[in-house]
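The values are calculated or read from the model by the stated rules, or taken from the named source; none is laboratory data. None of the values given here were measured: they were computed from a predicted structure. With ideal geometry, Cβ positions are generated from the backbone for all residues, glycine too; neighbour counts draw on all protein chains shown.
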Amino acid sequence: MASSRYHNFYEDGAVCFWTSAIVAHIPIFSSRTAALMLVDVLDARRTACGVKLIGYVIMPDHIHFAAWAEKADAVERFISQVLGISSSNIAAMTQRAAARGDRTAAKWLAGFQARARGNAKVRVWKERGRAFPVTDSDALRDKLNYMHANPVEAGLVARAEDWEFSSAAWYAYGTGPLRIDDFEF
């Protein structure tokens, strides 16, 4: 088995800019139900792990978020729990929809099953996401702008704040499905 050359870095006191993608670029989050489930998981795990969520975007086949905690291990725990819980929820949602005859869900489920390893029955997230420590306000602003631009660059909306599953609207209007925590370096 080949090992990844990329290593994630977590630093105490740094914001963690995180990216994770769904296997085979399956657009599971084009389902509003799946996207709302991920919003709920992010919110619950943020509270449970003592993490501040500074920004996010949920794209059809991947996520970006910026999270902070005083200790890096809290952010690592947050990421692990978000991916684990959302993976289980996505697998269950897809299995139920496929059993009801939803052809798209059946196709997605087959993709998740085809990428399973070991004793796992499905694999939802790619093996390794990417963590990048952000240690100053300018770099954080750049990362937030980058993530918020994703739906615009993908042609999904004309303005970043029009994408429902993004913190761009929170920053523009103070609204959105997921509250963003106040944060300053």
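Does the range 74-82 contain at least one residue that is charged (D, E, K, R), without any contact (Cβ under 8 Å) to a residue 60 or more places away in the chain and either outside any helix (DSSP H, G or I) or more than 21 Å from Val39 (Cα to Cα) (or both)?
From the range 74-82, those charged (D, E, K, R) are 76-77; that's our starting set.
Imposing the further condition that a residue be without any contact (Cβ under 8 Å) to a residue 60 or more places away in the chain reduces the set to 77.
Now narrow it down to the ones that are either outside any helix (DSSP H, G or I) or more than 21 Å from Val39 (Cα to Cα) (or both): none.
For the range 74-82, residues charged (D, E, K, R), without any contact (Cβ under 8 Å) to a residue 60 or more places away in the chain and either outside any helix (DSSP H, G or I) or more than 21 Å from Val39 (Cα to Cα) (or both): absent.
Of all residue pairs spaced 6 or more apart or on separate chains, those with beta-carbon atoms under 6 Å, a first member in the range 13-32 that is in a loop (DSSP other than H, G, I, E, B) and a second member that is buried (at least 22 other Cβ atoms within 10 Å of the Cβ) and at pLDDT 95 or above are Ile26/Trp108. Out of all the residues in the range 39-48, is one or more surrounded by fewer than 20 Cβ atoms within 10 Å (Cβ to Cβ) and touching a Gly at 6+ places or on another chain (Cβ under 7 Å)? No, there is no match, as no residue in the range 39-48 is surrounded by fewer than 20 Cβ atoms within 10 Å (Cβ to Cβ) and touching a Gly at 6+ places or on another chain (Cβ under 7 Å).
Given the criteria over 17 Å from Lys126 (Cβ atoms), touching a residue at least 60 places away in the same chain (Cβ under 8 Å) and surrounded by 14 or more Cβ atoms within 10 Å (Cβ to Cβ), does Val51 qualify? In short, no.
Residue-wise test of (1) closer than 22 Å to Thr175 by Cβ; (2) more than 16 Å from the chain's Cα centre (by Cα).
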{"residue": "His7", "(1), (2)": "no, yes"}
{"residue": "Ala21", "(1), (2)": "no, no"}
{"residue": "Ala24", "(1), (2)": "no, no"}
{"residue": "Ala44", "(1), (2)": "yes, no"}
{"residue": "Ile54", "(1), (2)": "yes, no"}
{"residue": "Val57", "(1), (2)": "yes, no"}
{"residue": "His64", "(1), (2)": "yes, no"}
{"residue": "Ala69", "(1), (2)": "no, yes"}
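Taken together, Tyr10, Tyr56 contain a single residue that is closer than 16 Å to Leu178 by Cβ and touching a helix residue (DSSP H, G or I) at 6+ places or on another chain (Cβ under 7 Å), which is Tyr56.
State which residue is farthest from Asn89 (Cα to Cα) when the search covers only the range 117-155 and only residues that are out of contact with any helix residue (DSSP H, G or I) (no Cβ under 6 Å at 6 or more places or on another chain), in a loop (DSSP other than H, G, I, E, B) and in contact (Cβ under 8 Å) with a residue 60 or more places away in the chain. The qualifying residue farthest from Asn89 (Cα to Cα) is Thr135.
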